[in-house]
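Below is one structure, written out as structure tokens; the observations come after it.
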Amino acid sequence: MVTSADDRGYGGSFRFKNMVILLVLLLAPALAVWRQTNPELWPWFSGYIAVMSLLTFALYAWDKRRSRKGGWRTTGNALHLVAFLGGWPGAYLAQSLLRHKSSKLWFQIPFWLIVAVYQYVSIDWLMNGQVSGRIQSMF
């Protein structure tokens, strides 16, 4: 008997648009690291993000499984914390592939704020602090 993804509890699909969105979101942070750091540090930055993303994806998958079977669940704050610590690409993948927490507005708002912080810091870093400098000069 062939089971569908929905039967296994993983109802999402990773479409081309999801890949494009993820690549666009990774562009500014990758360029910031590439432009502003020593090339010897690039593998460390990318390795850290990869490990955190895998950890985050695994945590989402575990929580999805626990939501289906009942039992102790991972808190939304814990999922946001690992996303904030660098696992937001894994969180995005998990939300897309596993369809876990992807329709809950109360969860999506903080998640996208975390992604926005990464984008803001990356763009500011690329512009040598001009964005944050302008904001500071307004006050």
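The values are calculated or read from the model by the stated rules, or taken from the named source; none is laboratory data. Remember, it's a predicted structure, so these values are computed and weren't measured experimentally. Heads up, the Cβs are rebuilt from the backbone with ideal geometry, glycines too, and the neighbour counts pull from every protein chain shown. Surface areas here come from the heavy atoms of the whole protein model, side chains and all, with no ligands, DNA or RNA. Shrake-Rupley method; radii C 1.70, N 1.55, O 1.52, S 1.80 Å.
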Quiz prompt | the range 59-68: number of residues that are loosely packed, with under 15 Cβ neighbours inside 10 Å and among the small types (Gly, Ala, Ser) | solution = 1
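Based on what the data block shows, is residue 53 open to solvent by less than 30 Å² (accessible area, probe 1.4 Å), part of a helix (DSSP H, G or I), within 21 Å of residue 24 (Cβ to Cβ) and at pLDDT below 95?
No; evaluated as a whole, the condition is false for this residue.
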Exercise. Return a yes/no flag: does the range 38-48 have any residue that is of a type in the set (S, T, N, Q), under 18 Å from the mean Cα position of the chain (by Cα) and modelled with pLDDT of 90 or more.
Key: yes
Quiz item: residue 48: assigned to a helix (DSSP H, G or I), open to solvent by less than 90 Å² (accessible area, probe 1.4 Å) and not β-branched (Val, Ile, Thr), yes or no?
Solution: no
Quiz item: Just wondering, is there one or more residues in the range 62-80 that are closer than 26 Å to residue 16 by Cβ and touching a residue at least 40 places away in the same chain (Cβ under 8 Å)?
Solution: yes
Quiz prompt | Residue check, residue 31 under 17 Å from residue 111 (Cα atoms), surrounded by 12 or more Cβ atoms within 10 Å (Cβ to Cβ) and of a type outside the set (Gly, Ala, Ser) | solution = no
Quiz item: Here are some residues: 69, 64. Which one is touching a Leu at 6+ places or on another chain (Cβ under 6 Å), among the charged types (D, E, K, R) and at pLDDT below 95?
Solution: 64
